[in-house]
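Report on the following structure.
The values are calculated or read from the model by the stated rules, or taken from the named source; none is laboratory data. Worth saying up front: this structure is predicted, and the values here are computed from it rather than measured. When we count neighbours, we look across all protein chains shown, and the Cβ atoms used for this are built from the backbone with ideal geometry, even at glycine.
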Amino acid sequence: MKAYRDKIQLDNAVILVILMAFSSWMSSCAAIKKVTSGKTAAGSSTSSSADYNSYTYDLSATRPKYTASLPTTTNTAPSAPPARPATEPRRTMPLVEPMHINKKLDAVLDTISVRNHAIRYAQGYRIQIYVGNERTEVDRLKRFTYQNFPELNPYTTYRAPTYRLKVGDFMRRMDAERYLAQLRQQFPSATLLSDRIEIRKSLAVN
C-alpha cells in the first residue's frame with residue numbers, strides 16, 4: 001500500500017515537471033517571434049522611407065518663365081478742372097387763375113351778403129313790461145329802462161285807450177328769458193312775447 005502511494009506521488013511530480021518545462025518553452029517561443037516581427041517591421045519601414053527620400057525628378061523643363069519689364073514714365077500735363085455748367089435760370093410757373101366756378105360762387109356769395117344786409121327785421125322776442133292808460137307811467141318806465149338796461153330799446157304802441165311798452169330785441173328765447181327774470185323783480189307782470197325785431201339791435205344784447 002505504501003509503495004503504491006509513493007508511485008502516485010512520483011508520477012505527479014514527473015507530470016508537474018513536464019508541464020513547467022512546456023510552459024517555459026512556449027514563453028520563449030512567443031518572445032522570439034515578437035522580436036523577429038518587430039525587427040522585420042522596422043526594417044521594412046526604414047527601407048521604404050529611404051526609397052522615398054532618395055526619389056528625385058527634374059521639373060525645370062515644365063516651369064513657366066517670366067520676363068520682368070520696367071514701367072515707362074511719361075510726362076503728362078495736369079488736366080484742367082472740368083468746366084462748371086452754366087446755371088440755368090429759374091423757371092417761373094405761371095399763376096393759376098381761379099376757375100370759373102369760383103367766380104360764380106363769389107358772385108352768389110356777394111349777392112347773399114347784400115341781401116342779408118338789406119334784411120332789417122326778423123321774427124324774435126320782446127318783453128312787455130306795461131299795459132295801461134297812463135302816458136306819464138309809460139314815460140317813467142322808459143327812463144328806468146334807459147338807466148338800468150341801456151342795451152334794451154323800448155317800444156311803445158298805442159291803441160286807444162291802451163298803451164303798451166315792450167323792451168329788447170332778442171333773437172334767441174334763452175336770452176329773452178334771462179332778461180325776463182331780472183325785469184320781473186321790478187315789474188312782476190312782465191311777460192315774454194313773440195314779435196318782429198330789428199336784427200342789428202339784437203346784436204347789442206349780451
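Structure data summary
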| quantity | calculated |
| --- | --- |
| Selection within region 154-180 - part of a helix (DSSP H, G or I) and surrounded by fewer than 12 Cβ atoms within 10 Å (Cβ to Cβ) | MET174 |
| Count - residues of region 181-197 that are surrounded by 15 or more Cβ atoms within 10 Å (Cβ to Cβ) and closer than 12 Å to ARG126 by Cβ | 5 |
| Where a residue in region 152-178 is under 16 Å from LEU192 (Cβ atoms) and its partner, wherever it lies, is acidic (Asp, Glu) and surrounded by fewer than 19 Cβ atoms within 10 Å (Cβ to Cβ), with Cβ under 7 Å and at least six apart | LYS166/ASP195; ASP169/GLU198 |
| Residues of region 107-153 classified as loosely packed, with under 10 Cβ neighbours inside 10 Å and either under 20 Å from GLU177 (Cα atoms) or modelled with pLDDT of 90 or more (or both), total | 4 |
| Residue, nearest to GLN128 (Cα to Cα), within region 181-206, restricted to residues that are assigned to a helix (DSSP H, G or I) and of a type outside the set (Gly, Ala, Ser) | LEU183 |
